[in-house]
1. Kindly indicate whether ALA109 is in a loop (DSSP other than H, G, I, E, B), in contact with a Leu (Cβ under 9 Å, 6 or more places away or on another chain), surrounded by 15 or more Cβ atoms within 10 Å (Cβ to Cβ) and not β-branched (Val, Ile, Thr).
2. How about the stretch 42-68: which of its residues are part of a loop (DSSP other than H, G, I, E, B) and either open to solvent by 30 Å² or more (accessible area, probe 1.4 Å) or touching a residue at least 60 places away in the same chain (Cβ under 8 Å) (or both)?
3. Among the residues of the stretch 1-27, write down those that are at pLDDT 95 or above, over 20 Å from PHE65 (Cα atoms) and either in a loop (DSSP other than H, G, I, E, B) or aliphatic (A, V, I, L, M) (or both).
4. If you go through the stretch 22-39, how many residues are surrounded by 15 or more Cβ atoms within 10 Å (Cβ to Cβ), under 17 Å from MET91 (Cα atoms) and within 22 Å of the chain's Cα centre (by Cα)?
5. Of (1) out of contact with any Lys or Arg (no Cβ under 8 Å at 6 or more places or on another chain); (2) among the aromatic types (Phe, Trp, Tyr); (3) open to solvent by 40 Å² or more (accessible area, probe 1.4 Å), PHE245 satisfies all except one. Which?
6. Taking the options THR297, THR321, name whichever one is open to solvent by less than 30 Å² (accessible area, probe 1.4 Å), touching a helix residue (DSSP H, G or I) at 6+ places or on another chain (Cβ under 7 Å) and free of Cβ contacts under 8 Å to residues at least 60 places away in the same chain.
7. Tell me, which residue of the stretch 324-353 that is part of a loop (DSSP other than H, G, I, E, B) and open to solvent by 10 Å² or more (accessible area, probe 1.4 Å) is farthest from GLY367 (Cα to Cα)?
8. For the stretch 128-226, list the helices (runs of 4 or more DSSP H) that sit wholly inside it and hold at least 2 residues that are in contact (Cβ under 8 Å) with a residue 12 or more places away in the chain and closer than 29 Å to GLY117 by Cα; which are they?
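The values are calculated or read from the model by the stated rules, or taken from the named source; none is laboratory data. What you see is a predicted model, and the numbers here were worked out from it, not measured in a lab. Reconstructed Cβ throughout: ideal geometry from the backbone, glycine too, with neighbour counts over all protein chains shown. Calculation scope for accessible area: heavy atoms of the full protein, side chains included, ligands and nucleic acids excluded. Shrake-Rupley method; radii C 1.70, N 1.55, O 1.52, S 1.80 Å.
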Amino acid sequence: MKIGMLTWDCFGKEDMSEAFKRLGHDVVECPFLDNAEPEDKGAVEGLERQIRESDPDLLFSFNYFPIVAMVCKNLGIPYMSWVYDSPHVRMYHYTIAYPTNYVFVFDSAVYEEFHKGGVPTVHYLPMAANTDRLREMNHFREFGKTPWKPQHEVAFVGALYREKHQFYRRLTGITDYTRGYLEGLIGAQKLVYGYNFVQEALPDKIIKDMQKSLPMQVRAGEVESIEYLFAQYVINRQITALERFELLAAAAEKYGLDLYTPDQTVQIPGCSNHGSLDAYAWAPYVYKMSSVNLNITLRSILKGIPLRAFEIMGAGGFLLTNYQEDFLSYFTPDEDFVYFESREDMLSKIAYYLKNDDERKQIARNGFEKIASRHTYVHRAEEMLSYWKHGEVR
């Protein structure tokens, strides 16, 4: 079979292409601008011409793009997309229900939302790791020459969402009542893992006041609510910014911390901020070399397992993460990974596993073996293609 793969600046395209090829399929790359919209007739016609020239049996992309769904429907070609961003507002577009779509989401809560809404084209599929590639990444001398070499035993790789352009910082004109309500809501949600109540706790009065400073609107063709936009893009992102900084600061104070983040201005006592590093080429070395790899999930990911967690375990690293429900469907706590439920719980577990090397290393080995045997890109490619072959979406 000939699979057309939309290539844009996304993570995992090399691993996915390799997986399809290992299953015996031909892969043709289709360069794609990820900002094209279905309302742009010129962009639609140009993409149609490009796809006709490639002549694939089906088209694949990471994340969902309404313009691609429209083109595939017009041409009668199956469109398979695997969404790894959260939130991913483009899913909330009327094109999502096209019968040529096979859309896979890594967060079971998102699948449940669409399933309850009667959309049969959306399926649940966790992320993956290329354990063969990660296993071979052992050029530690070369990594040691980079500015990213770990100096501590605890590490975190990811954004802190503290940049000045973050939406929450633009809420400068809200009333004292709205400010107090939001601060209370944020403080309450920070205390709870496993259930996110932000969206349902945003009344019209609060939304309307926020819109004066941040005039968010639902775009043409989309069906998400305004509450969804403010909850996921503003409030949950702010919660994540506060939570990551506070948890990382606590870890750094007690145990030291290697931080790999795009914002090099962040300074935390006890923390070595190495700046950003390439997630594909270099992050696995951090996961391999660090005793404890922290995952602090973006709060808009309601139940799902973040891609970072698969990469850590797939590289053979020890994973300490906040609680996320979907982990329990595939992995065993304290056997494949370890989760924490509070700041104090995180700190006590860091202390325990830094002292108990054999137990920590065994958990890391178990996590790697579980990924290698059940959760590679080849496994996921087989699962996705099985939906198409069995005609479950028509």
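1. In short, no.
2. ASP55, ASP57
3. Once the filter is applied, which keeps residues that are at pLDDT 95 or above, over 20 Å from PHE65 (Cα atoms) and either in a loop (DSSP other than H, G, I, E, B) or aliphatic (A, V, I, L, M) (or both), the stretch 1-27 yields ALA19, LEU23, GLY24, HIS25.
4. Adding up the residues that qualify gives 2.
5. It is condition (1) that PHE245 fails.
6. It is THR321.
7. Among those that are part of a loop (DSSP other than H, G, I, E, B) and open to solvent by 10 Å² or more (accessible area, probe 1.4 Å), it is SER342.
8. Qualifying helices (runs of 4 or more DSSP H): 176-190, 204-213.
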